[in-house]
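All remarks here apply to the structure that follows.
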Amino acid sequence: MFPEADEQGMPVMDLDSQKYIKIWQGPNHPGVTGNMSLELTISGDEIMHAKTHVGYLHRGFEKLFERRRYIQCFPTCIRMCVPEPDINEYNLARGTELLAGIDVPPMADWIRMLVLEMARLQVLLRMVPGQAGTIGLGLGAQWGLYYRELILDRFEELTGGRIYHMYILPGGVRGLLPDGFKDRLEDNLKKVESFMKDIDRLIYSNAVFKKRTKGIGIIPNDWIEPYGITGPVARAAGYQTDIRLDYPYLFYNQLEFDYNLEHESDVFARFRVRRKDVDTTVDLLRQIMAKMPDKGDFKAETPNVLHWKVPKGETIVRCESSRGEYTFYMVADGSMYPRRINLRGPSYTHAVAVLEKLLINANISDVSPIMVSLATCPPEIER
Amino acid sequence: MNELIDHIKARFPIYDVIESQPGQIFVSLEASKLIPMITSLKTNHGFTVLVIFTAVDWIEDDKFQITYVLNNPKEKQDLGIRVFIHRDDATMESIHHLWKHAATFQRELKEMFGIDFPGSPGVDDPFLLEGWDNIPPMRRDFDTKKYSEETYFPRPGRETNDPATFMKQMLYPDD
C-alpha cells in the first residue's frame with residue numbers, strides 16, 4: 001500500500017522522507033472558488049491527503065441574527081451568498097410567515113417564483129460558461145458575464161438593486177412588475193438561448209474540455225445519502241432529487257418540468273446537468289410569465305415590523321438553489337428577536353467532507369475542475 | 001406520519017410532539033435515548049438523510065437544545081429530534097458512524113457552542129477560529145460588542161455618536 005499505513009490504518013506521510021510535499025491551494029488562487037484554501041499533501045503530482053480550511057470570510061451572521069429584529073435580518077442574510085442572494089430572502093421570509101401564521105397572496109408567490117428563477121438563471125450564466133475557466137478556457141466566462149448583466153438589468157428594473165435585492169419580504173414582495181417587463185425579459189431569454197448554442201460549440205464540443213473532465217472526480221452512488229449530497233451533484237449520479245419537485249413550494253406544482261439526470265457522476269456529467277438546468281430555467285421563466293396573473297394583491301397585512309413579536313415555535317424551510325438544497329432552521333421564542341436561525345447550504349458537505357475524500361489520488365491539475373464541479377461556496381460554511 | 005409517531009412512541013419516551021408543517025414533525029427526547037432512536041429511524045424507517053444538526057442556547061433554563069432534522073427521501077417526511085443537555089456539562093454522543101458529514105457539524109458545534117462529542121474525528125481541530133481563547137462565541141453569554149471593544153481599538157480622533165440622539169439632533173434641532 002502506498003503510502004504505508006500505521007496500526008490504525010491511517011496513512012503515514014513523513015515529510016522528511018522527501019517523498020511527500022505539503023502545498024496550499026488558496027485562499028488566493030485563480031482555481032479556488034471564494035475564500036477557502038486546501039492543504040494538500042502530494043507525492044509527485046498525485047494528492048495523498050487533502051484538508052479544507054475555511055474561516056477567511058467569517059462574519060458571524062448567525063450570531064448577528066440573535067441581536068436583530070426579524071426585518072433587520074434581511075440585509076444581513078442576503079450577504080450569505082453573493083451570487084444567489086434571493087434564496088436567503090425567500091427562506092427567511094417564508095420561515096417568518098410560517099412561524100407567524102401569515103398567508104401570502106397568490107400574486108406575490110408568482111412574483112417570488114419569477115425572482116427565484118431569474119436568480120438561478122443569472123448564477124448559471126456565470127457558472128456554466130465559467131466552469132471551463134478551471135482548465136484554462138476562460139473565454140466563455142467573459143462572454144457569459146454580458147448575458148448575466150442582461151438579467152441583472154431586469155433585476156435593477158424590478159427591485160432597484162443589481163446584486164442584492166431585498167425584494168421578498170415577510171407577507172409578500174415589494175411591488176408588481178413594471179409595464180413591459182415580461183417583453184424585455186423575453187428578449188433577454190432569446191439572447192441567452194442563442195448564446196447557449198455558442199457555449200455548446202465552445203465548451204461542450206471541445207476535445208480538450210472533454211478529455212480533462214470525463215472520468216475524473218467520480219462520486220459513487222452510495223455516497224449520496226451518507227454524505228448528504230444534494231442538487232446537481234446528486235442528479236449527475238442519477239439520483240432523483242430536486243426540492244422544486246419533491247417538496248413543491250410556491251406554485252412549482254403548476255409548472256411542467258422534470259429532473260435533469262446524468263449517470264456518469266464525473267466532472268463532465270455535473271457540468272452537463274448544469275447545462276440542462278439552463279434550458280429548464282429558461283423554460284420555467286416562460287411558463288411562469290404565461291401563467292401568472294397580471295394584477296393582484298402583492299403583500300399581506302403584517303404587524304409593524306419593528307415591534308413584531310413572532311410566536312414561539314420552530315420550523316424548517318427549504319428551497320432548491322442552483323447548487324442544491326438550501327435549508328433554514330428557525331427557532332422563535334416569542335420575542336421580537338429570533339432565538340436561532342441556522343442555515344445549511346449544499347457546500348457545507350460538498351466542500352468539506354466530500355471534497356477531502358474526492359481529491360485523494362487525484363492529479364494536482366484536476367483539483368480546480370473537481371472543486372468547481374461541486375460548486376463550493378465558502379460563505380455557506382462559515383455563516 | 002402519525003403511524004410512525006405512534007410506532008416510535010411505543011418504543012421511545014418522546015414528548016412535545018409538534019407538527020410545524022404538513023410532513024414535518026418535531027419531537028423531544030432524553031439525550032441518552034438518542035443514538036438508539038436515530039439508528040432505528042435510519043435503518044428501519046428510511047430516514048437516511050441528515051439535513052440539520054445544530055444547537056440552540058436556552059441560557060435562561062441553563063440548557064442547550066441540540067436539534068437533529070432527519071429526512072426520509074422516499075416518503076418525503078422530515079423528523080426533527082430535540083434533545084436537551086446541561087450547559088455546564090455540555091457533552092453529547094457522536095453520530096459520525098451514522099453519517100459521514102456529521103463530523104463536520106460536530107467540529108463546528110464544539111468550536112461555536114463548546115459542546116463536546118468524544119470520539120468524533122478531528123473534533124478538537126479549529127474549524128473557523130484559529131487561536132481563539134475566549135468562551136465559545138455562539139453561546140448567548142458571549143458579548144460581541146464587549147469583545148470587539150476590548151480587542152479592536154478605534155482610530156484616535158474619531159467621534160462615536162449614539163444613532164438615536166444623533167438622528168434626533170439632525171432631524172429636529174429645535175426640540
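For this structure, a couple of remarks:
- The stretch A:121-185: trypsin sites (Lys or Arg not before Pro) falling in loop per DSSP and having at most 16 other Cβ within 10 Å: A:Arg162, A:Arg174
- Solvent-free Debye calculation, one equal scatterer per alpha-carbon of the stretch A:252-383: log10 I(q)/I(0) at 0.14 Å⁻¹ equals -0.92.
- Taking GluC sites (Glu not before Pro) in DSSP loop states with no more than 10 other Cβ atoms inside 10 Å as exposed sites, chain B has its longest site-free stretch at B:1-129.
- Paired Rg and Dmax values of the stretch A:190-288, which use every Cα atom, in angstrom: 14.9, 42
- Straight Cα distances below 16 angstrom link A:Lys191 to the aspartates and glutamates A:Glu149, A:Asp153, A:Asp183, A:Asp200, A:Asp279, A:Asp283, with same-chain residues fewer than 8 positions distant left out.
- Computed with a 1.4 Å probe on the full set of protein chains, the accessible area for A:Lys191 sits at about 90 Å².
- Accessible surface buried by the A/B pair amounts to about 3500 Å², both sides summed, 1.4 Å probe.
- Only helices enter the 222 nm calculation for the protein assembly as shown: every DSSP H run of n ≥ 4 contributes -39,500 (n - 2.57), and dividing by all residues gives -10500 deg cm²/dmol, rounded to 500.
- Cα gyration tensor, the stretch A:164-241 - rounded (a/c under 1.5), prolate or oblate: oblate
- DSSP bridge orientation in chain B - percent antiparallel, rounded to nearest 5: 75 percent
- The stretch A:61-346: relative contact order in percent, alpha carbon pairs under 8 Å with at least 6 residues between: 28 percent
- Applying both filters, DSSP loop and at most 11 other Cβ atoms within 10 Å, to the GluC sites (Glu not before Pro) of the stretch A:1-104 gives A:Glu4, A:Glu7.
- For the stretch B:2-171, the fraction of alpha-carbon pairs lying more than 25 Å apart is 45 percent, rounded to a whole number.
- Helix A:86-100 and the longest principal axis of the Cα set of chain A meet at an angle near 50°.
- Eigenvalues of the alpha-carbon gyration tensor of chain A, scaled by 5 and square-rooted, set the equivalent ellipsoid semi-axes at 37, 26, 17 angstrom, largest first.
- Unit Cα scatterers, Debye sum, the stretch A:279-356: log10 I(q)/I(0) for q = 0.12, 0.14, 0.27 Å⁻¹: -0.65, -0.82, -1.15
- Neighbour cut-off at most 13 other Cβ (10 Å), DSSP loop, GluC sites (Glu not before Pro), the stretch A:297-370: A:Glu301
- With Cα atoms, 0 to 90° folded angle of helix A:139-159 axis to chain A main axis: 20 degrees
- Taking the centroid of alpha carbons for each part, the stretch B:63-138 and the stretch A:244-306 are 33 Å apart.
- The accessible area of B:Trp132, taken with all protein chains in place and a 1.4 Å probe, comes to roughly 80 Å².
- Calculated log₁₀ intensity ratio I(q)/I(0) where the Debye formula runs over C-alpha points of the stretch A:10-115, q = 0.09, 0.16 Å⁻¹: -0.46, -0.83
- For the stretch B:4-60, the square roots a ≥ b ≥ c of the C-alpha gyration tensor eigenvalues yield an a/c under 1.5, which makes the shape rounded.
- In chain A, taking the dipole from charged Cβ atoms about the Cα centre, the farthest positive-side position among A:Met113, A:Leu306, A:Tyr348 is held by A:Leu306.
- About the Cα centre, charge dipole magnitude for the protein assembly as shown (Lys/Arg +1, Asp/Glu -1 at Cβ), debye: 1100 debye
- Projecting the Cα atoms of B:Thr39, B:Ile14, B:Pro137 onto the dipole axis of chain B, where Lys and Arg carry +1 and Asp and Glu carry -1 at the beta carbon, places B:Thr39 farthest toward the positive end.
- Too-long pairs where the Cα-Cα distance tops 24 Å, listed order kept, from A:Lys22/A:Lys214; A:Lys182/A:Lys295; A:Lys312/B:Lys63; B:Lys76/B:Lys100: A:Lys22/A:Lys214
- Note that the stretch A:213-223 has calculated 3J(HN,Hα) couplings of 10, 7, x, 10, x, 7, 9, x, 4, 7, 8 Hz, one per residue in order, obtained from phi through the Karplus relation 6.51 cos²θ - 1.76 cosθ + 1.60 (θ = phi - 60°); glycine and proline are x.
- Positive-end ranking of A:Ile163, A:Tyr247, A:Leu176 along the dipole of the stretch A:140-287, with charges on Cβ about the Cα centre, is headed by A:Ile163.
- Electrostatic dipole magnitude of chain B [Cβ: Lys, Arg +1; Asp, Glu -1; Cα centre; debye, to 20]: 740 debye
- Candidate lysines for bridging to A:Lys197, where Cα separation is under 20 Å - those fewer than 8 sequence places away on the same chain excluded: A:Lys210, A:Lys276
- When A:His350, B:His96, A:His307 are compared by accessible surface with a 1.4 Å probe, the order from highest to lowest is A:His307, B:His96, A:His350.
- Protein-protein interface of the stretch A:208-231, residues with accessible area decrease of at least 30 Å², isolated chain reference, 1.4 Å probe: A:Glu225, A:Pro226, A:Tyr227
- Size descriptors for the stretch A:110-246: radius of gyration and Dmax over Cα atoms are 17.8, 51 Å.
- Heavy-atom accessible area order for B:Ser28, A:Ser17, largest first, 1.4 Å probe: A:Ser17, B:Ser28
- Neighbouring Cβ atoms from other chains, within 10 Å of the Cβ of residues in A:311-320, number 4 on average.
- With every protein chain in place, the stretch A:61-346: carbon and sulfur % of accessible area (1.4 Å): 50 percent
- Nearest-10 value in Å² for the accessible area of B:Thr165, using the 1.4 Å probe: 80 Å²
- Solvent-accessible area per residue for the protein assembly as shown (1.4 angstrom probe, square angstrom): 43 Å²
The values are calculated or read from the model by the stated rules, or taken from the named source; none is laboratory data. The shown structure was predicted, so the numbers you read here are calculated from the model rather than taken from an experiment. No Cβ is skipped: glycine too gets one built from the backbone with ideal geometry, and neighbour counts run over all protein chains shown. The accessibility values were calculated without ligands, DNA or RNA, using every heavy atom of the protein model including side chains. Shrake-Rupley method; radii C 1.70, N 1.55, O 1.52, S 1.80 Å.
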